[in-house]
């Protein structure tokens, strides 16, 4: 899935314009980056945690629900 | 950061309700889930890539119980952050591969030799440059001297003589035969040079003879012109001398005309009579075409008239009587 397809999918689901979805997604990413910078982690329910590694690398620690969902399908 | 805080901040910045913000974030991450569940790679620009990683099934022995366990196949989501995020979040400077290579090399160089040391080394080297030049010159002179001495020495000459003699023996030649060959060649060269010299002499002598003949002809012509001139002048002067009863002698002079000179003045000065300008004009008829136009730098013949008085002799004779 490319970023274009990704934005199209969200805009269809929420009945939003592509411009707005792009703006919102950018904003969300910026908030995520800032929070990782400040607190070194961000928790998202039903998805997982974005953490900072020892080597300053960002890792995704997925939730159990998320793993189950993927493996079921 | 909690999930609630995230939604609140997002609603603040985007100026949306809390519910819509929550809905957007939910859909954002559910779409990623859907993509991964289809075993597809999800690319989000400026954020990173999400891809499913397959871990194959394993059989493990439990150390505590000693039982054998079978771990089934697993698919785990994997996140590869984009370079932009990595550069923003990490405390280190992140650069491209090319930049990193250059950065590493520069760092190595800087660590190995500090800049101040390099400057000092260069300044020291600059001080030693004249000494180095002198050393080089001395070295070349010494090498020349040694080579000259070696060539002059008897041992070296003998050594070369031996080498040459061995080489000649191998070829079946001796010094005498070589000398004969060299002499014959030398004689050939001498003969050729002699022939060439003779050829040159013959050609030059003929040309010289021609030149001499032409010179003699020109001299004869000049003599004829002189004689003609003398005859002309005598014809002119004779009647005048007869009138005066004086003896005269004539000498030709080459005269260079100066500024403000006229034939009238010249004849008055040298020929004792200004009316003789006609004679002057006739003698130099080849050079002077118009008697009113003579220019400075022009060379003309002037017949000098020298008078000899016979009256004194006659007086002496008369007194004796």
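The values are calculated or read from the model by the stated rules, or taken from the named source; none is laboratory data. Computed from a predicted structure; not experimentally measured. A quick note on method: Cβ atoms are made from the backbone with ideal geometry, for glycine too, and the neighbour counts reach across all protein chains shown.
Tabulated data
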read-out	value
The listed residue being at pLDDT 85 or above, at negative phi and either facing chain A (nearest Cβ under 9 Å) or exposed (fewer than 15 other Cβ atoms within 10 Å of the Cβ) (or both), out of B:63, B:41, B:56	B:41
Residue tally, condition more than 7 Å from chain A (Cβ to nearest Cβ) and in contact with a helix residue (DSSP H, G or I) (Cβ under 9 Å, 6 or more places away or on another chain), over the stretch B:44-53	3
Per-region count, the stretch A:21-40, residues within 9 Å of chain B (Cβ to nearest Cβ) and out of contact with any strand residue (DSSP E or B) (no Cβ under 8 Å at 6 or more places or on another chain)	13
Conditions (1) within 8 Å of chain A (Cβ to nearest Cβ); (2) assigned to a helix (DSSP H, G or I); (3) surrounded by fewer than 17 Cβ atoms within 10 Å (Cβ to Cβ); number of the one not met by residue B:4	(1)
Among (1) at pLDDT 80 or above; (2) away from chain A (no Cβ under 14 Å); (3) surrounded by 10 or more Cβ atoms within 10 Å (Cβ to Cβ) - the single one residue B:101 does not satisfy	(1)
Selected residue (only one of B:143, B:174 is surrounded by 10 or more Cβ atoms within 10 Å (Cβ to Cβ) and modelled with pLDDT under 85)	B:174
Selected residue (criterion: surrounded by the most Cβ atoms within 10 Å (Cβ to Cβ)) from residues of the stretch B:28-38 that are farther than 23 Å from residue B:84 by Cβ and either touching a strand residue (DSSP E or B) at 6+ places or on another chain (Cβ under 7 Å) or facing chain A (nearest Cβ under 7 Å) (or both)	B:33
